[in-house]
Amino acid sequence: MEQKRNSPGLVNSSQARVHPNLERQVSKHLESRWMQPLHRPSIQTYASLKDSGALLEGAPLILDSGCGTGASTRRLALQFPASTVIGVDQSQVRLAKSGLSQGFQREGNCILLRAELATFWRLLRGDGVTLQRHYLLYPNPWPKPGHLSRRWHAHPVFPHLLALGGEIEMRCNWEIYAMEFALAVSLATGADVSPKPFQAAQGISPFEQKYLQRGQELFVVNVGREVTRSFFCARSSGGPSG
Ligand SMILES: C[S@@+](CC[C@H](N)C(=O)[O-])C[C@H]1O[C@@H](n2cnc3c(N)ncnc32)[C@H](O)[C@@H]1O
């Protein structure tokens, strides 16, 4: 379906191609240790999740990072009944739509949790947790060129995101974000990763559903678990862990 240029929800950016500083930014984050303090409320929530034993049950872990209302987390929990699926978002307003006000809530193999992701990912890494799958569904695009370092692939936390392992699936509606994400993974891992058009009959999440209804083009980047595994091994044997 043809997209209308100024259709609501289309990413509007003055950036027409991959950001010229992306490569430098990714290299910098790979070579240095990120020292920013952790987000305190997220530490507490993570501690209560750990105390509940949810991370020690032996079931493979799937993360739905930036899960919004948690609708996609519930769908993934049904799709992968032998795994524990954890949806994480910082937005109280969005999570409240699933009944979560503070901390975390669990229904069967589906956990919804309020936390800041850069902290949550670092805490998981610190405990040596690895993932089966990692979904990043429609991350905030941060379309202004000056906001490059807020996009996950140019953020200092990016090496942690990759080292958490598992099969990564990132979906978005901005082709440049998808191109940058794929390029950043390729630069970090040496793997040949590229974005693909993504089609679905029904949206897995509210944002995906909204974009599908508007006939917008969607993109997906898939990173195989062998790629993140090699990255993890290389980091564990000498690379900066921070
Ligand atoms: C565009 S929405 C997509 C929500 C959902 N995945 C969907 O597809 O409907 C991006 C989500 O990421 C969350 N988010 C952005 N940055 C975050 C961060 N640093 N920590 C936790 N959540 C974050 C926002 O609160 C928001 O719910």
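Observations on the model:
- Residues of the stretch 15-49 that are modelled with pLDDT of 95 or more and of a type in the set (Ser, Thr, Tyr): SER27, SER42, THR45, TYR46, SER48.
- The sole residue among PHE104, PHE80 that is over 30 Å from PRO145 (Cβ atoms) and either in contact with a Pro (Cβ under 7 Å, 6 or more places away or on another chain) or away from the ligand (no atom under 16 Å from the Cβ) (or both) is PHE80.
- Every condition in (1) surrounded by fewer than 17 Cβ atoms within 10 Å (Cβ to Cβ); (2) touching a Leu at 6+ places or on another chain (Cβ under 7 Å); (3) not aliphatic (A, V, I, L, M) is met by GLN202 except one, and the failing one is (2).
- Residue match in the stretch 146-164 (condition: at positive phi and either touching a Lys or Arg at 6+ places or on another chain (Cβ under 8 Å) or buried (at least 23 other Cβ atoms within 10 Å of the Cβ) (or both)): no
Residue by residue, here is whether (1) buried (at least 16 other Cβ atoms within 10 Å of the Cβ); (2) free of Cβ contacts under 8 Å to residues at least 12 places away in the same chain; (3) under 26 Å from ARG133 (Cβ atoms) holds:
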site: ALA16; (1), (2), (3): no, no, no
site: HIS19; (1), (2), (3): yes, no, no
site: ARG24; (1), (2), (3): no, yes, no
site: GLN36; (1), (2), (3): no, no, no
site: GLY58; (1), (2), (3): no, yes, yes
site: ALA71; (1), (2), (3): yes, no, yes
site: ALA82; (1), (2), (3): no, no, yes
site: VAL93; (1), (2), (3): no, yes, no
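- Selection from the stretch 108-131 of residues that are within 12 Å of the ligand (Cβ to nearest atom) and part of a loop (DSSP other than H, G, I, E, B): ALA115, GLU116
- Considering only residues in the stretch 209-223 that are more than 16 Å from the ligand (Cβ to nearest atom) and within 16 Å of ALA178 (Cα to Cα), the one that is surrounded by the fewest Cβ atoms within 10 Å (Cβ to Cβ) turns out to be ASN222.
- Restricting attention to the stretch 51-70, the residues being closer than 28 Å to GLU208 by Cα and of a type in the set (A, V, I, L, M) number 4.
- Residue within the stretch 185-208 that is more than 25 Å from LEU78 (Cα to Cα) and within 13 Å of the ligand (Cβ to nearest atom) present: no
The values are calculated or read from the model by the stated rules, or taken from the named source; none is laboratory data. This structure is a prediction, so every number in the text was calculated from the model and none was measured. Because the Cβ atoms are built from the backbone with ideal geometry, glycine has one as well, and the counts that use them run over all protein chains shown.
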